[in-house]
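Laboratory data are not the source of any read-out in this text; all were calculated from the coordinates shown. Please read these numbers as outputs of a predicted model, since none were measured by experiment. Note that each Cβ is placed from the backbone with ideal geometry, even for glycine, and that neighbours are counted across all protein chains shown.
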């Protein structure tokens, strides 16, 4: 993965708009919070292969970044994104890593299931 440049990501987000796409979205501090020994609240969310169509997508912010995908009936939103890649299957993989390099959030978009 490489550091996000908004202009690169925006073009790819636009390419996936107005068609059926599969979304993978996950957030976590759970595994890391529990192992640190500190009294932290463990939290996480996970959804994989949600089939959606978004009409507009935007990347905003200044490292870390936020991505919002607007659908007819709501939004998909991920915050804290730092890195990205377009893999060999033409899937957009976005991730947010904390200061220790641990995964905190992932948002992935694909025309085929993950």
Worksheet item: Can you sort 53, 82 by how many other beta carbons sit within 10 Å, fewest first?
Response: 53, 82
Worksheet item: Once the Cα atoms of helix 6-16 and of the chain are each reduced to a long axis, what angle between those two axes, in degrees from 0 to 90 to the nearest 10, is obtained?
Response: 60 degrees
Worksheet item: How many nm is it between the label spots at residue 86 and residue 52, if each spot is 7 Å from the Cα in line with the beta carbon?
Response: 2.1 nm
Worksheet, complete the sentence: Length-normalised contact order of the range 2-110, Cα under 8 Å, at least 6 apart, in percent, tallies to 27 percent
Worksheet item: By how many nm would the segment from residue 114 to residue 42 lengthen if fully extended, with 0.36 nm per residue of separation less the alpha-carbon distance?
Response: 23.3 nm
Item to complete: Return the single residue from 21, 60, 52 with maximal mean-square fluctuation; model: Gaussian network over the chain, springs between Cα atoms under 10 Å.
Response: 60
Worksheet entry | Potential lengthening between residue 14 and residue 66 on full extension [0.36 nm per residue; Cα-Cα distance subtracted] | 17.2 nm
Response to the item:
For Rg and Dmax of the Cα atoms in Å the list reads [x] 15.5, 48; [y] 14.3, 45; [z] 28.3, 96; the calculated value is entry [y]
Discussion item. Using the basic label-point model (7 angstrom from Cα toward the beta carbon), what is the residue 5 to residue 79 distance in nanometres?
Written reply: 2.7 nm
